[in-house]
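Working notes, beginning with the structure itself.
The values are calculated or read from the model by the stated rules, or taken from the named source; none is laboratory data. Quantities reported herein were computed from a predicted structural model and do not represent experimental measurements. When we count neighbours, we look across all protein chains shown, and the Cβ atoms used for this are built from the backbone with ideal geometry, even at glycine.
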Amino acid sequence: METKFDVIVIGELNIDLILNQIEGFPEVGKEILADKMTLTLGSSSAICASNLSSLGLKVAFIGKLGNDIFGRFIIDQLKDKGVDTSLIIIDDNLKTGATIALSYGEDRAMVTHQGAMSHLSINDIDSKKLKQAKHLHFSSYFFQPGFKNSLDTLFKKAKQAGLSTSLDVQWDPFEKWNLDLKKVLPFVDVFIPNEVELLNLTGQANLSSAINKTKNLSKYLIVKRGVKGSILCYEDKEVVQAPFLNKNVVDTIGAGDSFNAGFIFKFIHGNTPEKCQVFANLTGAVSTTKSGGTRAFTDNDSIMKIAKQKFNYTE
């Protein structure tokens, strides 16, 4: 059966209100100023989906929104990026999630209201939906309690439906890191944590030990390391890839999600894991050239123009 989509992304949906050029740090009872403000599509999952679409893939999203102004904004933003929104569930009784992000150079502090995202569950996902795509990407496990203890079931469903799979668990706001990787990762083709997340998930003190504990669980393990590049592990190989460094970072919001999009884009097209890794490093860097996670990603030609101008990258 011919598939309708290249990728289905399942995950959280929220808006991002990003404050840049902030004078100092917030204190209770005091007020500070930010010289720049951006309202944009938030959520790791939505940023990844949007950027996959901008790169040229057919992408659908499964998530949950409230019937409110933020929900309508998110639907419009996804549609503008070419993402199919027909599988998104709108609930009149819920509020759409929102994140306030305070951006300081290459780092940020964030406060999130989960809203509708915390109500999406495994019961909202059936095999008929999954069979419409070639690949499933899931992100932000700890923001979606509806998948607690059932994430392996989701990935089993995807594999049984014939999809390749990828996972980025993202940060745990409760910092408990309760996820049984041995139960989930055998059904994951591409596991894409960042370095800090992997250390926390494995309870290890150093990256080498964390990699050794996880590298044989999924087909591919790729660890995002920001300005240190990335490490790819598969079979008996460990590939260290240098980063593409942006000398004028606008902000880093969505850089990891853009990295995911770059890897999945090349992976879908059958490239070698090493080529996927290089392109992922590139798209992560491209994201930092504009504010928010999606503004640097308009279409493939524009993305490759930034890649050539800023990072001297050509294919």
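If you check L217, L245, L167, L199 for being surrounded by 18 or more Cβ atoms within 10 Å (Cβ to Cβ) and touching a Phe, Trp or Tyr at 6+ places or on another chain (Cβ under 9 Å), only one passes: L167.
For the range 88-132, give me each residue that is of a type in the set (V, I, T), surrounded by fewer than 16 Cβ atoms within 10 Å (Cβ to Cβ) and more than 18 Å from the chain's Cα centre (by Cα).
I89
In the range 173-185, the qualifying residues are those that are out of contact with any Asp or Glu (no Cβ under 8 Å at 6 or more places or on another chain) and surrounded by 15 or more Cβ atoms within 10 Å (Cβ to Cβ), and the one that is farthest from T112 (Cα to Cα) is L185. Considering only residues in the range 251-280 that are outside any helix (DSSP H, G or I) and out of contact with any helix residue (DSSP H, G or I) (no Cβ under 6 Å at 6 or more places or on another chain), the one that is surrounded by the most Cβ atoms within 10 Å (Cβ to Cβ) turns out to be I253. Scanning the range 221-250 for residues that are in a loop (DSSP other than H, G, I, E, B) and either out of contact with any Pro (no Cβ under 7 Å at 6 or more places or on another chain) or within 18 Å of S139 (Cα to Cα) (or both) gives R225, E235, D236, A242, P243, F244, L245, N246, K247, N248, V249, V250. The residues listed here are S258, S209; of these, the one that is under 24 Å from K79 (Cβ atoms) and of a type outside the set (A, V, I, L, M) is S258. Applying the condition of being of a type in the set (A, V, I, L, M, F, W, C) and assigned to a helix (DSSP H, G or I) to the range 281-315 and asking which residue is surrounded by the most Cβ atoms within 10 Å (Cβ to Cβ) yields V286. Has the range 183-204 got at least one residue that is among the aliphatic types (A, V, I, L, M), under 19 Å from S54 (Cβ atoms), out of contact with any Pro (no Cβ under 6 Å at 6 or more places or on another chain) and modelled with pLDDT of 95 or more? So far as the range 183-204 goes, yes, one or more of its residues are among the aliphatic types (A, V, I, L, M), under 19 Å from S54 (Cβ atoms), out of contact with any Pro (no Cβ under 6 Å at 6 or more places or on another chain) and modelled with pLDDT of 95 or more.
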